[in-house]
Amino acid sequence: MRKSKYLILSGIYFNFDDDLTDIINVKKLIKNQNILDLFRFDKIKSIKNIQVKEENINFIYLPQNIEIIDNFAFYINQIKILDLSNCIKLKNIELGAFEENQIKQLKLPENIEIINRFSFNENQIEILDLSNCIKLKKIEYYAFSSNPLKEIKILGNIEIEYGEKNKDDFWNKFVKYYNDTDKKSGDYKLENNKWQWYPL
């Protein structure tokens, strides 16, 4: 059995602001870790400018009070399963926050409102379930591009931006179909390289 190198929040790995609510820098020792566990640290409200990117993080556990995951915060890692459903104060996923990972399973909080461009670009998501995201208002272009999508569960009347590049991308095809079908709630399935609508 392979042992994980488990990273618990510590001054050995991070620099903090004075009130311990923000991680402001990551130290070089993080390179030897593959699990980032911040779950118990409720004072942390933002992960910004820390550049936990191009590392070997496989799993992350974030506290429920997290409000900001900044641009490219976890860009180019090895994250495989991402469960943010407990992050009840998280409203935005910022630009490229989880771009170029290995995410296959994704759960977002019901209070999420905006998923910014390239947030989950280049991952391994096949089934994207956003049906619990009852406050979701907008998904910017290319947010889920370059994923091997086969099924998308989503609510209606969400503004989803269509990207002009790579029109054959599964996400772009879905966005066009979703917008052309009056933005209906549904269980959309890719069949014979075309999206089909089914009721949730």
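Quick note: the coordinates plus some simple rules give every number you see, no bench work behind them. All values derive from a computational prediction rather than experimental measurement.
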What length, rounded to one decimal in nm, is gained on full extension from residue 127 through to residue 177, with 0.36 nm per residue of separation minus their alpha-carbon distance?
16.3 nm
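Return the subset of 89/167; 104/138; 45/189; 137/176 for which the Cα-Cα distance in this structure is over 28 Å, preserving the input order.
89/167; 45/189, as the Cα separations exceed 28 Å there.
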Residue-span extension gain [residue 80 to residue 42] - 0.36 nm each, minus C-alpha spacing:
11.3 nm
Please give the Cα centre distance for the stretch 179-200 versus the stretch 64-82, rounded to the nearest Å.
28
When the chain is fully extended, how far beyond the present Cα-Cα distance does residue 184 get from residue 91, taking 0.36 nm per residue of separation?
31.2 nm
